[in-house]
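Coordinate-derived values only; no laboratory data. Just so you know, these numbers come straight off a predicted model, no measurement behind them. Cβ coordinates were reconstructed from backbone atoms using ideal geometry, including for glycine residues, and neighbour counts include every protein chain displayed.
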Amino acid sequence: MRRRWTAVAAALLVLVTSCSGEAAETPEPSAKQRVEVFSWWTGLGEADGLKAMRTLFEKQNPGFTFVDAAVEGGSGDQARALLASKLQANQPPDTFQGHAGAELQGYITAGKLEPLNFLYDELKLRDAFPPQLVEQISVHGEIYSVPVNIHRSNVLWFNPRILKAAGVTGAPRTIPQFLDALGKVRDTGRIPLAIGPQWTVVHLFESVLLGSLGTRTYNKLWTADADWNSAAVKKALTDFAAILAMTGPPQADWQPAAKQVADGEAAFTVMGDWAYSYFHNKPDGGLGKTSKTDFDWAASPGTEGTFMWLSDSFTLPRGAPNREGAVAWLKVAASKAGQDAFNPLKGSIPARRDADTSLYKNYLAWNLGEWSRDELAGSIQHGVVANDGWRAAINDAVGIFIDDPDVAELQRALVLAAKNSGQ
């Protein structure tokens, strides 16, 4: 009935204006609906990937306009803090980025997310994504996020020229070899290991913990049988202290730390594979460096054969102002076209199993092969194995350790953090 009345009213309006001798005005098109997408993708490379997916979204959804609500700060610590306040005030964005895994458990428990089983059924996403990934993002049979990609955390990036000048023949494969290489670089007057702010040190910590303990023992730390007070953990923390002593002055974020390596100021940095796009992309979106000449990579020392993984994903908050627009965004994020537009620029590999592998070259081709055959371990800093409370406690412990490298005190803090995790 409402449509018929509107049509009649419009016809009468045209008739009246025509009879009055005035030209009828063309009605303005209705305003596009805003879709607020909350993320922490503001850096070079990652912002390029988001822009590519945004372009695809707006092309496929002409009735919606993308609103970029990205918050600066690598790893998303600042974004998550702001997001928590928005959700607490019941003012959610339409959709927000979150790491797949334990990071989302707090939001789920608090009732802040809608399950997405309906979308998985409609788009047949259980067939598109690896079963282990679907399992990781499910809680009691419900699925709460759409993974856009797979990242690798445990990557050692290095400058081949600096290693050669220091007499280091290739990437160190073990932690003892790593310490030896760091010492040789230090003797040349270069920075042995570049780091950024505190979160990048936690990122380094998880790779050292994995490399020292081995995959099975590391994975056991996140189970009910964990023993954070073991001699093996103490040895890993001692290794971490020795490596941390070889770092240069902290940089403002991971990008300037990576740039120190690319520019020949530092030999190594341990960072996720998003660093590849920053090294490799042209200067308007990266450093424009040449792989195997200006920079190279390997699994972080002691972790060869293990893929420490994380996955960026998007969610559907309860009470999203534009739920329809949020679902439209999730469909693009889940699609083959969306993931193939996003990941080559972001420096990650697709979560889907049917992506166009020809688009993933150089480091990304290597990483696809590693993902297909390596053992898996979950990232601490990037939300896979520890919920937000536990991760925050680990961050606090490492932050204190940076200023006061007391191995015994760090171990006590980690034991307490595990005990209080509630996971």
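The modelled label-to-label distance between A224 and R323, using points 7 Å beyond Cα along the C-beta direction, is 3.7 nm. Mean-square fluctuations from a GNM of the chain, with a 10 angstrom spring cutoff on Cα atoms, peak among W222, W366, W274 at W366.
Taken over the stretch 110-235, the percentage of Cα pairs per 10 Å bin, counting from 0 up to the bin with the maximum distance, is 10, 26, 26, 22, 12, 4. Projecting label points 7 angstrom from Cα along Cα→Cβ for Q78 and N117 puts them 3.9 nm apart.
For the stretch 163-298, the tally of Lys pairs with Cα-Cα distances below 30 Å comes to 17, considering only residues 8 or more apart or on different chains. For the pair A165 and K234, label points projected 7 Å from Cα toward Cβ lie 4.1 nm apart. The slack in the chain from A241 to E375, taken as 0.36 nm per residue of separation less the alpha-carbon distance, amounts to 45.6 nm. In degrees between 0 and 90, to the nearest 10, how far off the longest principal axis of the chain does helix 2-19 point, with axes built from Cα atoms? Between the helix axis and the principal axis of the chain, the angle is about 60 degrees. Among G325, G347, G167, the largest mean-square fluctuation in a Gaussian network model of the chain (Cα springs under 10 Å) belongs to G167. Counting only DSSP beta bridges with both residues in the chain, the antiparallel share comes to about 55 percent. One decimal place: the segment E142-T290 gains 48.9 nm when fully extended, by the rule 0.36 nm per residue minus the C-alpha distance.
In the list (1) 1.25; (2) 1.11; (3) 1.01, the label attached to Cα Rg over 2.2 N^0.38 Å as derived from the coordinates here is (2). Cross-link partners of K331 among lysines, defined as those whose alpha carbon lies under 21 angstrom from its own and excluding same-chain residues fewer than eight positions apart: K32, K51, K59, K112, K124, K346.
Pairs of Cα atoms in the stretch 49-94 fall into 10 Å distance bins, from 0 up to the last occupied one, in shares of 23, 39, 33, 4 percent. The angle between the Cα long axis of helix 336-346 and the longest principal axis of the Cα atoms of the chain comes to about 40 degrees, rounded to the nearest 10.
With respect to the chain, whose longest principal axis is taken over its alpha-carbon atoms, helix 231-244 is tilted by about 80°. Size descriptors for the stretch 267-423: radius of gyration and Dmax over Cα atoms are 18.9, 52 Å. In the chain, helices alone account for a calculated mean residue ellipticity at 222 nm of -14000 deg cm²/dmol, with every DSSP H run of four or more residues adding -39,500 (n - 2.57).
Per residue, the convex hull around the alpha carbon atoms of the stretch 210-360 comes to 192 Å³. A Gaussian network model of the chain, with springs between Cα atoms under 10 Å, assigns the largest mean-square fluctuation among T303, T290, T215 to T290.
With viscosity 1.567 mPa s and temperature 4 °C, the Kirkwood radius over alpha carbon pairs of the stretch 284-351 converts through Stokes-Einstein to a diffusion coefficient of 84 µm²/s. Per residue, the convex hull around the alpha carbon atoms of the stretch 30-142 comes to 139 Å³.
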